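To start, the structure itself, in structure tokens.
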Amino acid sequence: MKLDSETYNKLVRAMECVGDGPRSYSGRGMYGKKCVGIVTDDPSDCVLAIVRELMDDCGDIDELRDLVGYLDNSSQDSMGRSAIVYWPRIEWQELDDGDNDCDHDGVLADQCANCNDEIDPKDIGTDADRIF
């Protein structure tokens, strides 16, 4: 299942503190579909560590309950000395880091509506207005 970017980002950011952090993985029976997985030495503690991170970040118990619900039904595969814990229901996505790929490379970031959410694009004017 493809999660909305806010939910996905919260889950993946919580996973960054566990094991080797989140990565894409295609487990048994997934036929090449990619999901979120974590390589870890301690699979039994992996989900608990993620829940602890989510507890620190969540605003209320309902949000925590919803996020923890996505962690149900994890699977794991052996990787020799370690294992990968993965969630076939959570489709792998690139993190939304808030970078809108503006072409000004931050030079005019304080005047860019994509980089500064307090600016209304109608109030910016043209490039010529900003330069002179």
query: How many residues, within region 46-62, are within 19 Å of ILE90 (Cβ to Cβ) and at pLDDT below 90?
result: 2
- request: Among the candidates MET30, MET15, single out the residue that is in contact with a Gly (Cβ under 8 Å, 6 or more places away or on another chain) and modelled with pLDDT of 90 or more.
  value: MET15
field: Residue satisfying condition, being of a type outside the set (D, E, K, R) and modelled with pLDDT under 90, within set PRO88, PRO43
entry: PRO43
query: In region 1-32, which residues are in contact (Cβ under 8 Å) with a residue 40 or more places away in the chain, assigned to a loop (DSSP other than H, G, I, E, B), surrounded by 13 or more Cβ atoms within 10 Å (Cβ to Cβ) and hydrophobic (A, V, I, L, M, F, W, C)?
result: LEU3, MET30
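The values are calculated or read from the model by the stated rules, or taken from the named source; none is laboratory data. In this text, all values refer to a predicted model and were calculated from it rather than measured experimentally. In this analysis, Cβ positions are derived from the backbone assuming ideal geometry, glycine residues included, and neighbour counts consider all displayed protein chains.
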